[in-house]
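Let me begin by presenting the structure, written as structure tokens, before commenting on it.
The values are calculated or read from the model by the stated rules, or taken from the named source; none is laboratory data. This structure is a prediction, so every number in the text was calculated from the model and none was measured. Positions of Cβ are generated from backbone atoms using ideal geometry, with glycine treated the same way; all protein chains shown enter the neighbour counts.
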Amino acid sequence: MANLIDGKQVSTAVKEQVRQETEKLAETYGKRPGLAVVIVGNNPASRVYVNNKKKACETVGFQSFEYALPEDTTQEELLELVQTLNADPSVNGILVQLPVPEQIDDKAIINAISSEKDVDAFHPENVGRIMIGDYAFLPCTPAGVMELIDFTGVEISGKKCVVIGRSNIVGKPMAMLLLHRSGTVTICHSRTQDLASVTRQADILVAAVGKANFVTADMVKEGAVVIDVGMNRLENGKLCGDVNFAEVEPKASWITPVPGGVGPMTIAMLMKNTLTAFKKQNGLV
Ligand code: L34
């Protein structure tokens, strides 16, 4: 029987820290961090995530600015909005919710966001900084996963860490953060041969594949820490992770649920990054 890693609980603690620091800064300087969230089109999942981000801003005492643009927004229009937000001193963080509709090149948008306001840490400058370990922001989802692993008390140093998935948003930076903590890291992906034999070695297994119930019991070592980054919506509307929870839970020592695991942490780390951006932009760190 695994212990459950409660992402709601850990994220609440992170947000409470951010809230307290925000209140102190507001008292001292008379201003608060501001986060601009841009959503383009009508992706229902994105809508839920953006609403959760807005709620979190309220909880921690940030100003939040939401821009909901129509599905047929052009790249030029979105770039123009990004430029406006880059120049607005009340906006400390800018986030364009992904995915964007296909007429827009997400790389062009990410490149246009001021690296100082890039609270997702997706801009090439911030990605490069993470690679060399000299960074202001960590990408929210991998940073949230690190907090969840730390919550278990399990040491990362020297352990076999396996990440399934090689996306720029999760898999690659996730591997880098585990490496910074001296994990012995393997990245698996769709071309990996005999995947189960690799994942079965993992003391810490992070699944970021995007396929419901992909990780089955035979792929997991007895006593492993299992982190499920997956956020798959089934036909019946139910949310489901990349890990077959019912099967894997009895084998794991610790496991995250979906929902209530990594998702809330992504948002808590976004609040932390926005606070950091505010402090840096105001010369407070
Ligand atoms: N630019 N795009 C940008 N930044 C991000 O950090 C994201 N991501 C991913 C998608 N696109 C992005 C998110 O915000 C995924 N993501 C995200 C954020 C929050 C939640 C899930 C994914 C979340 O709140 N999950 C809840 C359940 C929500 C539900 O009911 O649908 C949970 O408990 O897991």
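In the stretch 259-271, which residues are more than 17 Å from Ser46 (Cβ to Cβ) and touching a strand residue (DSSP E or B) at 6+ places or on another chain (Cβ under 7 Å)?
Residue satisfying the conditions is Gly261 alone.
Only one of (1) farther than 23 Å from Pro264 by Cβ; (2) away from the ligand (no atom under 16 Å from the Cβ); (3) touching a Lys or Arg at 6+ places or on another chain (Cβ under 9 Å) fails for Leu178. Which number is that?
(1)
Is there a residue being assigned to a loop (DSSP other than H, G, I, E, B) and away from the ligand (no atom under 15 Å from the Cβ) anywhere in the stretch 3-23?
no
Since Arg32 meets every condition but one in (1) under 20 Å from Ser90 (Cα atoms); (2) within 20 Å of the chain's Cα centre (by Cα), which condition does it not meet?
(2)
Taking the stretch 132-165 as the search range and keeping residues that are among the charged types (D, E, K, R) and more than 16 Å from the ligand (Cβ to nearest atom), which one is surrounded by the most Cβ atoms within 10 Å (Cβ to Cβ)?
Result: Lys159.
Counting just the residues of the stretch 218-243 that are of a type in the set (Asp, Glu) and at pLDDT 95 or above, which one comes out nearest to the chain's Cα centre (by Cα)?
So the residue we want is Asp228.
Do you know which residues across the stretch 24-70 are away from the ligand (no atom under 16 Å from the Cβ), surrounded by 15 or more Cβ atoms within 10 Å (Cβ to Cβ) and among the small types (Gly, Ala, Ser)?
Of everything in the stretch 24-70, those that are away from the ligand (no atom under 16 Å from the Cβ), surrounded by 15 or more Cβ atoms within 10 Å (Cβ to Cβ) and among the small types (Gly, Ala, Ser) turn out to be Gly34, Gly61.
Take the stretch 116-133 and flag every residue that is free of Cβ contacts under 8 Å to residues at least 24 places away in the same chain and charged (D, E, K, R).
If the condition is that a residue be free of Cβ contacts under 8 Å to residues at least 24 places away in the same chain and charged (D, E, K, R), then Glu125, Arg129 are the ones that fit.
Six or more apart or on different chains, Cβ atoms under 7 Å: show the pairs whose first residue is in the stretch 168-185 and free of Cβ contacts under 8 Å to residues at least 24 places away in the same chain and whose second is outside any helix (DSSP H, G or I).
Listed by first residue and then by second, the contacts come to Lys172/Arg166; Ala175/Val163; Ala175/Val185; Ala175/Ile187; Leu179/Val185.
With the requirement that a residue be in contact with a Gly (Cβ under 6 Å, 6 or more places away or on another chain) and not in a helix (DSSP H, G or I), what does the stretch 124-171 give you?
Correct list: Ile156, Lys159, Cys161, Val163, Gly165.
Looking at the stretch 211-250 only, could you name the residues that are within 23 Å of Val10 (Cα to Cα) and assigned to a loop (DSSP other than H, G, I, E, B)? Before the answer, list the steps.
Narrowing the stretch 211-250 to residues within 23 Å of Val10 (Cα to Cα): 223-232, 239-246, 248-250.
Hits for the stretch 211-250 are Gly223, Ala224, Val229, Gly230, Met231, Gly241, Asp242, Asn244, Glu249, Pro250.
Between a residue in the stretch 94-115 that is more than 10 Å from the ligand (Cβ to nearest atom) and any residue that is part of a strand (DSSP E or B) and of a type outside the set (Asp, Glu), which pairs come within a Cβ distance under 7 Å, given they are 6 or more apart or on different chains?
That search, which allows pairs on different chains as well, returns Pro101/Val40; Ile104/Val40.
Just checking, how many residues over the stretch 60-109 are part of a helix (DSSP H, G or I) and of a type outside the set (Val, Ile, Thr)?
Final tally of qualifying residues: 14.
Can you confirm whether Ala212 is aliphatic (A, V, I, L, M) and more than 15 Å from the ligand (Cβ to nearest atom)? Break it down stepwise before answering.
On the way: aliphatic (A, V, I, L, M): yes; more than 15 Å from the ligand (Cβ to nearest atom): no.
Answer is no for this residue.
When the stretch 244-278 is examined, which residues are found to be within 13 Å of the ligand (Cβ to nearest atom), over 11 Å from the mean Cα position of the chain (by Cα) and among the β-branched types (Val, Ile, Thr)?
Thr256, Val258, Thr274
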